[in-house]
Amino acid sequence: MTPLAPDPASLRGLRLFSGLDAAALAEIVRSAHTRRIEKGTTIFSQGDRAALCHALIDGRVKIVQTGADGQQLVVRYIGAGEMFGTAAVFSGGIYPADALAMVDCVGVHWSAATMGELMERYPRIALNALDIVGRRLQEVQTRLRELSTERVERRVAHALLRLVRQAGRRVGNGVEIDFPLSRQDIAEMTGTTLHTVSRILSGWEGQGIVEGGRQQVTIRQPHALVAIAEDLPKPEKTATPAKPDGK
């Protein structure tokens, strides 16, 4: 099979290579390995030695961490144009979670040694890597705060809003999260149970805030979801004026 050879322009959207010129991107592509990844493939496993820096050119990847008690937590979803597994490589450690292909994907990876050489040649990559790690750390801190201090309804609302920002697509009746998303996935994102998520989403569906389908979620009232996430007071209903006698 002939190896895939992505256009260097496909790397322009990757934050790790932001600010590099076309010649540098061409060299980075030449040093990369590209492959097609079938839906359901485990790209790397929790506990594996972090030997490769990965980037997603097309598709959707789920990062899942399993605790000592066997409970799973969805750490984040990776979309086209994002890096994953890089922080573990930079720290010389192990992958802290599994990376699973949710759909058929096209991915690119570099060995730790190759990425080190590229960073020496292009210091901008190292600066971008620090920015990426910092942003991911902020995300983790936000998630930990939500898990430890917020009611489960707020956690679910925050999780859906994050997914809308990452993969929201406007449709006729609202904003659709544009990849397969089960209620179990949402439970694993928010540290709760499938039963609890089902109860919350069913209630929101009854209020017209969200609309669910087979592994699909559409936000019909984004402002209402924001109000739940931020624990804002519900707007008071305006009383209907009484009709004059005889009318």
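The values are calculated or read from the model by the stated rules, or taken from the named source; none is laboratory data. Bear in mind the structure is a predicted one, so any value in this text is a computation, not a measurement. Heads up, the Cβs are rebuilt from the backbone with ideal geometry, glycines too, and the neighbour counts pull from every protein chain shown. Calculation scope for accessible area: heavy atoms of the full protein, side chains included, ligands and nucleic acids excluded. Shrake-Rupley method; radii C 1.70, N 1.55, O 1.52, S 1.80 Å.
Take the residues of the range 54-74 that are without any contact (Cβ under 8 Å) to a residue 60 or more places away in the chain and within 16 Å of Ala167 (Cα to Cα): which is surrounded by the most Cβ atoms within 10 Å (Cβ to Cβ)?
For the range 54-74, the residue satisfying everything is Val61.
Can you name every residue in the range 40-68 that is acidic (Asp, Glu) and either in contact with a Pro (Cβ under 7 Å, 6 or more places away or on another chain) or under 23 Å from Ile28 (Cα atoms) (or both)? Spell out how you get there, then give the answer.
At the first step, the residues of the range 40-68 found to be acidic (Asp, Glu) are 48, 58.
Once the filter is applied, which keeps residues that are acidic (Asp, Glu) and either in contact with a Pro (Cβ under 7 Å, 6 or more places away or on another chain) or under 23 Å from Ile28 (Cα atoms) (or both), the range 40-68 yields only Asp58.
Of the residues Ile125, Ile63, which is modelled with pLDDT of 90 or more, out of contact with any Cys (no Cβ under 9 Å at 6 or more places or on another chain), of a type outside the set (Gly, Ala, Ser) and under 23 Å from Arg183 (Cα atoms)? Before you say what the answer is, go through the steps one by one.
Values: Ile125 fails: under 23 Å from Arg183 (Cα atoms).
Of the residues listed, the single one that is modelled with pLDDT of 90 or more, out of contact with any Cys (no Cβ under 9 Å at 6 or more places or on another chain), of a type outside the set (Gly, Ala, Ser) and under 23 Å from Arg183 (Cα atoms) is Ile63.
Determine whether the range 207-214 contains at least one residue that is at pLDDT 90 or above, among the hydrophobic types (A, V, I, L, M, F, W, C), under 17 Å from the mean Cα position of the chain (by Cα) and within 19 Å of Val74 (Cβ to Cβ). If you could, list the steps in order and put the result at the bottom.
Let us first name the residues in the range 207-214 that are at pLDDT 90 or above, namely 207-211.
Of the ones still in play, those that are also among the hydrophobic types (A, V, I, L, M, F, W, C) are 209-210.
Those left that are additionally under 17 Å from the mean Cα position of the chain (by Cα): none.
No, the conditions are met nowhere in the range 207-214.
Find all pairs meeting these conditions: Cβ atoms under 7 angstrom apart; at least six residues apart or on different chains; first residue within the range 202-213 and on the phi < 0 side of the Ramachandran plot; second residue part of a helix (DSSP H, G or I).
Pairs found: Ile209/Ala224; Ile209/Leu225; Val210/Leu201; Val210/Trp204; Glu211/Glu205; Gly212/Leu201; Gly212/Glu205.
Across the range 27-56, which residue is modelled with the highest pLDDT among those that are assigned to a strand (DSSP E or B) and among the polar types (S, T, N, Q)?
Out of the qualifying residues, it is Thr42.
If Arg136 satisfies every condition in (1) of a type in the set (Lys, Arg); (2) in contact with a Gly (Cβ under 8 Å, 6 or more places away or on another chain); (3) at pLDDT below 85 but one, which is the exception?
(2)
Quick one: Val29 ticks every box in (1) farther than 20 Å from Val103 by Cα; (2) within 21 Å of the chain's Cα centre (by Cα); (3) surrounded by 13 or more Cβ atoms within 10 Å (Cβ to Cβ) except a single one, so which number is it?
Against the list (1) farther than 20 Å from Val103 by Cα; (2) within 21 Å of the chain's Cα centre (by Cα); (3) surrounded by 13 or more Cβ atoms within 10 Å (Cβ to Cβ), Val29 comes up short only on (2).
For residues that are under 17 Å from Ser182 (Cβ atoms) and modelled with pLDDT under 90, scanning just the range 75-119, find the one that is most open to solvent (accessible area, probe 1.4 Å). Step through it out loud before you land on a result.
Kept after step one, since they are under 17 Å from Ser182 (Cβ atoms), are these residues of the range 75-119: 75-77, 98, 100-103.
Restricting the remaining residues to those that are modelled with pLDDT under 90 gives 75-76.
On the way: Val75: 49, Arg76: 27 Å².
Ranking the candidates gives Val75 first.
Only residues that are under 18 Å from Ala129 (Cβ atoms) and either at pLDDT 95 or above or surrounded by 13 or more Cβ atoms within 10 Å (Cβ to Cβ) (or both): list them for the range 10-26, please.
Matches in the range 10-26: Leu11, Arg12, Gly13, Leu14, Arg15, Leu16, Phe17, Ser18, Leu20, Ala24, Leu25.
Can you spot a residue in the range 139-155 that is within 19 Å of Gly13 (Cβ to Cβ), out of contact with any Cys (no Cβ under 9 Å at 6 or more places or on another chain) and surrounded by 16 or more Cβ atoms within 10 Å (Cβ to Cβ)?
So far as the range 139-155 goes, no, none of its residues is within 19 Å of Gly13 (Cβ to Cβ), out of contact with any Cys (no Cβ under 9 Å at 6 or more places or on another chain) and surrounded by 16 or more Cβ atoms within 10 Å (Cβ to Cβ).
Which numbered condition trips up Glu139, out of (1) closer than 15 Å to Ile219 by Cα; (2) touching a strand residue (DSSP E or B) at 6+ places or on another chain (Cβ under 9 Å)?
It is condition (1) that Glu139 fails.
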